[in-house]
Every structure is written in structure tokens, then in C-alpha cells.
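**Q** Shown below is the structure under consideration.
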Amino acid sequence: MNKERIAVIGAGGHAKVVASTLMAAGHQVVGFYDDNLQKRGTNIFGIPVIGPVSELTSGNFSHAIIGIGQNETRKRLVEKLHLNWITVIHPYAWVHPEVLLGAGTVVCAGAIVQPYSRIGSHVIINTKTSVDHDCCVGDYAHLAFSHLAGGVTAHEGAFLALGSTVFPGVQIGAWATVSAGSVAMKDVMPKSTVAGVPARLIKEAK
């Protein structure tokens, strides 16, 4: 679906990565939409920050994607906005043909997604992340240069921070966080935070 005209929601650091991924994949980014008044009238890669997000319905674009790293914010925007969401894979990523990717998901440069994995909607598979065979990643999850062994399930909104690793078959609960550099060797409860090697509970679910 190349040469689509795409609007990017957000104008921060992650939006730059999303836009560069879109352009590398052959799409045209027509503008960034952001509610931050200080960004209005600026540009990224020579592309204007138009904003606010409420003006998205009147844009000259065919599809949109959310360039915001915060998982709860992406979910809130998806529930509020009714747009045609594009899924994009960087040409320097590798995604096996037997992988399912949901709407609005971005697979960044250097990422690897192995066979029979199922990736939900509006997921971030960030730079150099690896997802091994038969994994399941829920909607709105964010894998940030993390490594999932085979058969891992990361439920909705899970955040696997920079350099984290998950052992085979482990379940990461919905909206849970695996802290940077941690190794999850056993299941992580929903809405909790774990850290360390091996990862241990540091924040219980509320």
C-alpha cells in the first residue's frame, strides 16, 4: 500500500521515528498533528506540524498513524478518533509472512518478528526488538529494544522497556511494565512493575 498520504499524530521523538519509517517504506507524510501549541508552525523533515488533533477529520490524507510512545494515550486516541489506520514495516526490519500485524502497528528498523507470532493493533515494535516464534502481543503494547523468546504473551498495553528480555512461554499481564535491562523469567501480573535479573516485583497493581 505504498504512496499513501499519511497523517502522523504527535510531533515528538517517537513521531520522528514513525515518520521516517513511513518514508522509508515509500509513503508520503503530509503532516503532523499535535495539541502542543509550541510545536504549531514548526516542521519535521520539512513536513509541517499542523495540529491540533481535532483537525484530523478535515485533512488531505488517506490514512493515519499514532506517533506517541505512551500506551494509554494511544488507546485513548484510537477510542476517540475514527480514522483509517495504516500499519507500517521498515524495509530494514524482517517480518515473517506467517505473522499477523494489527491496524496502526509500526515495526521499526532492525526489528525481527518470527513465524506464527500475532501482533495486535497500535503496537510499537521498536528499533532492534526481536519477537521469536509463536508470540502474542496485545493491542497498545510497546516493545522497546526488547527480546521475546518463543511463545511469550505480552497482553494489552504491556511495556517492555529498553533492553528487557522475556523467557519462553512467560506471560506479561495487561498494562504491566518490565523495567529496562530486566529479565522476566516468570509471569508478570497485570498493572504491576518488575525489575532486575531475574525480574522481581517492585510495584504492585493498583
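Only the coordinates and a few stated rules stand behind these numbers; no lab work does. Since the model is a prediction, treat every value here as computed from it, not as a measurement. For neighbour counting, all protein chains shown are included, and Cβ atoms are generated from backbone atoms with ideal geometry for every residue, glycine included.
**Q** Rounded if a/c is under 1.5, else prolate if a/b is larger than b/c, else oblate: which is the stretch 91-206, with a ≥ b ≥ c the root eigenvalues of its Cα gyration tensor? Working shown, then result.
**A** On the way: a/c = 1.77, a/b = 1.61, b/c = 1.10.
Prolate, since a/c reaches 1.5 and a/b exceeds b/c.
**Q** What is the helix-to-structure angle for 13-24, meaning the angle in degrees between its Cα long axis and the longest Cα principal axis of the chain, kept from 0 to 90 and rounded to the nearest 10?
**A** 70 degrees
**Q** Does anyone have the angle between helix 71-80 and the longest principal axis of the chain? Alpha-carbon axes, 0 to 90°, nearest 10?
**A** 50 degrees
**Q** Take Glu55 and Met189, extend 7 Å from each Cα along the Cα→Cβ direction, and tell me the distance between the two endpoints in nm.
**A** Taking the two extended label points, one gets 4.7 nm.
**Q** With an 8 Å Cα cut-off and a minimum separation of 6 or more residues, compute the relative contact order for the stretch 165-206 in percent. Can you show the working numbers first?
**A** Values: 98 pairs, mean separation 14.3, N = 42.
About 34 percent, as a whole number.
**Q** If you don't mind, there's one more thing I want to ask. Give me the number: length gained by fully extending Ile112 to His96, i.e. 0.36 nm times residue separation minus the C-alpha to C-alpha distance, one decimal in nm.
**A** Values: separation 16, 0.36 × 16 = 5.76 nm, distance 0.83 nm.
Extra length from Ile112 to His96 when fully extended: 4.9 nm.
**Q** Name the longest site-free stretch of the chain, where the excluded sites are GluC sites (Glu not before Pro) in a DSSP loop with no more than 15 other beta-carbon atoms within 10 Å.
**A** Values: sites that count: Glu98, Glu204.
Maximal segment without exposed cleavage sites: 99-203.
**Q** Amide H neighbours of Trp85 under 5 Å, at least 5 residues apart or on other chains, H built in the peptide plane: list them.
**A** For Trp85, whose amide H was placed from the backbone, the distant partners under 5 Å are Ala64.
**Q** Just to be sure I understand, if you calculate Cα Rg over 2.2 N^0.38 Å for this structure, which of [x] 1.05; [y] 1.01; [z] 1.24 do you get?
**A** [y]
**Q** Further question: Hey, could you grab the Kirkwood Rh for the stretch 21-127? Inverse mean 1/r over distinct alpha carbon pairs, Å, one decimal. Kindly include the intermediate steps, with their values, before the conclusion.
**A** Values: mean 1/r = 0.0676 Å⁻¹.
Here the Kirkwood hydrodynamic radius works out to 14.8 Å.
**Q** Show which aspartates and glutamates lie in cross-link reach of Lys80 when reach means a straight Cα distance below 19 angstrom and same-chain residues fewer than eight apart are skipped.
**A** Partners found: Asp34, Asp35, Glu55, Glu72, Asp139, Glu156.
**Q** Would you mind checking Lys3/Lys191; Lys39/Lys206; Lys39/Lys203; Lys16/Lys75 for any pair whose Cα atoms are more than 29 angstrom apart?
**A** Numbers: Lys3/Lys191 39 Å; Lys39/Lys206 35 Å; Lys39/Lys203 35 Å; Lys16/Lys75 20 Å.
Beyond 29 Å: Lys3/Lys191; Lys39/Lys206; Lys39/Lys203.
**Q** Using the Cα atoms of the stretch 1-73 to build a convex hull, what is its mean projected area in square nanometres?
**A** Details: hull surface 18.8 nm².
So the Cα hull casts an average projection of 4.7 nm².
**Q** Separate question: Relative contact order for the chain: what percent, with Cα pairs under 8 Å and sequence separation of 6 or more?
**A** Working: 612 pairs, mean separation 22.7, N = 206.
Reported as a whole number, the value is 11 percent.
**Q** Then there is this: How far apart, in nm, are the 7 Å Cα→Cβ label points at Thr42 and Thr73?
**A** 1.3 nm
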